[in-house]
Amino acid sequence: MTKPKFIQVLLFVIFVSVYSLAPISYAKEEGKLYVIGTGPAGPDLIAPRGLAVLEKADIFLCPPYIQKNFPQYINPARVAFNPWEGIHDEEAIKLRKTDYAKWVQRVEKRKKKVFDFVMDAISREKTVAMLDCGDPCVYGPSLYWLLKEFDHKYLEVIPGISAFNAASAALKKPMAGEGINFVMLTAPHSMFGRTFEKGDDLLKDLSKYNVTMVFYMAISSMDRLVEKFSRYYPSDLPMAIVYYAGYSDKQMVLKSSLGKILDDLKKTDEKWMGLLIIGKAVK
Ligand SMILES: C[S@@+](CC[C@H](N)C(=O)[O-])C[C@H]1O[C@@H](n2cnc3c(N)ncnc32)[C@H](O)[C@@H]1O
């Protein structure tokens with residue numbers, strides 16, 4: 001091919017590429033629901049991908065405490081409502097324990113409200129951001145309760161740093177490796193049921209291994225956990241609670257053991273924002 005001919009072909013290829021890609025890059029994005037993991041604390045521990053969605057979102061669905069952590073990213077005028085109201089606050093958690101069926105009814109109602117709202121917004125090509133603390137796939141109530149049957153076609157999940165990662169960093173110790181067989185992420189109700197009647201066989205088997213056990217939502221049932229663990233583990237089993245992991249001003253580490261933890265817990269009133277980690281890793 002002669003040089004001018006080559007330049008002509010090259011220009012043609014560039015022209016075709018630019019104009020065929022343009023509609024993809026500049027087309028208005030279709031409506032979509034993003035579930036964003038906001039990390040354990042504030043904007044310094046959220047992924048840039050999550051921040052980019054916060055910046056472009058038309059509508060937010062989030063509880064006040066997450067909104068409070070992201071004042072410069074969440075315009076209050078764009079917050080539609082708290083999707084977990086009545087199903088994931090202190091009163092609701094009590095109701096879940098005392099009247100589970102009534103609580104499930106509330107969840108179903110909420111699920112419908114969220115679904116109808118989000119689908120309407122999507123049909124109007126809006127970007128909806130639903131915010132979950134930590135990582136949405138680790139005990140995140142959005143995916144777990146509200147969006148169970150939501151069409152994945154309209155959904156994108158943005159991962160976040162879970163409380164486990166921030167708590168491990170606070171402890172400055174490796175949670176896996178170094179002779180540890182595996183790490184287990186759980187919660188008291190997942191392992192022992194809501195009435196603590198289950199899980200004995202599992203715990204007995206686990207006691208044969210060197211495991212890092214991570215319990216979410218555990219502080220309020222610590223007495224029952226200690227009772228269970230005391231059946232299969234010695235009193236010097238290392239335990240730690242990391243409160244407000246990742247918060248630069250509030251993070252606190254409590255190192256203890258199975259035999260001492262109930263006494264040590266008397267030093268603090270916090271019953272929610274703490275992660276319990278058990279095993280040699282936290283010694
Ligand atoms: C419903 S779960 C949500 C977990 C969240 N999706 C995550 O990945 O961290 C709530 C529990 O997570 C733990 N948690 C959440 N954020 C925390 C933090 N910054 N420090 C310590 N524990 C935290 C507490 O055990 C709390 O009771």
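Every number here is computed from the coordinates shown, using simple stated rules; none is lab data. Treat the numbers as computed from the prediction; the structure is a model and nothing was measured. Ideal geometry is used to build each Cβ from the backbone, glycine not excepted, and the neighbour counts take in all protein chains shown.
Over all Cα atoms in the chain, the spread is summed up by Rg and Dmax: 23.8, 87 Å.
Rounded, prolate or oblate: which fits segment 89-216, taking a ≥ b ≥ c as square roots of the Cα gyration tensor eigenvalues, rounded meaning a/c under 1.5, else prolate when a/b beats b/c?
In terms of gyration-tensor shape, oblate.
Counting only DSSP beta bridges with both residues in segment 136-283, the antiparallel share comes to about 75 percent. Sites listed here are GluC sites (Glu not before Pro) in segment 174-256 whose DSSP assignment is loop and whose Cβ has at most 13 other Cβ atoms within 10 Å: E178, E197.
For the residues G259, G179, G246, a GNM of the chain with alpha-carbon springs under 10 Å puts the largest fluctuation on G179. Over all directions, the projected convex hull of the C-alpha atoms in segment 32-161 averages 7.4 nm² in area. Build a GNM of the chain with springs between Cα atoms under 10 Å apart, and of I74, I180, I87 the one that fluctuates most is I180. Treating r as the C-beta distance of E178 and S207 and R0 as 25 Å, the FRET efficiency rounds to 0.85. Segment 180-237 and segment 32-61 have Cα centres spaced 33 Å apart.
Taking the helices alone, the chain has a mean residue ellipticity at 222 nm of -11500 deg cm²/dmol, built from -39,500 (n - 2.57) per DSSP H run of at least 4 residues and averaged over all its residues. Seen from all directions on average, segment 31-92 presents a Cα convex hull projection of 4.5 nm².
Ordered by the count of other Cβ atoms within 10 Å of each Cβ, fewest first, S230, S162, S248 give S248, S230, S162. How big is the gap, in Å, between the Cα center of segment 123-169 and the Cα center of segment 91-121? Between the Cα centres of segment 123-169 and segment 91-121 lies a distance of 17 Å. The angle between the Cα long axis of helix 3-26 and the longest principal axis of the Cα atoms of the chain comes to about 50 degrees, rounded to the nearest 10. Expressed to the nearest 5 percent, the antiparallel share of DSSP beta bridges inside the chain is 45 percent. The aspartates and glutamates within cross-link reach of K208, meaning a Cα-to-Cα straight distance under 15 Å and a gap of 8 or more places when in the same chain, are D200. Once the gyration tensor of the Cα atoms in segment 196-273 is diagonalised, the equivalent ellipsoid follows with semi-axes of 23, 13, 12 Å, ordered largest first.
Roughly how many debye, to the nearest 20, is the charge dipole of segment 27-104 about its Cα centre, given +1 on each Lys and Arg Cβ, -1 on each Asp and Glu Cβ, and no other charges?
On the way: 10 positive and 10 negative charges, 20 e Å.
The dipole of segment 27-104 has a size of about 100 debye.
Listed from fewest to most Cβ neighbours within 10 Å, the set R231, R224 follows the order R231, R224.
Hull volume per residue, based on the alpha-carbon atoms of segment 143-283 and their convex hull, is 142 Å³.
Sort L276, L131, L171, L185 so that the residue with the fewest other Cβ atoms within 10 Å of its own Cβ comes first and the one with the most comes last. Spell out each step's value before the answer.
On the way: L276 24, L131 31, L171 19, L185 16.
Ascending Cβ contact count within 10 Å gives the list L185, L171, L276, L131.
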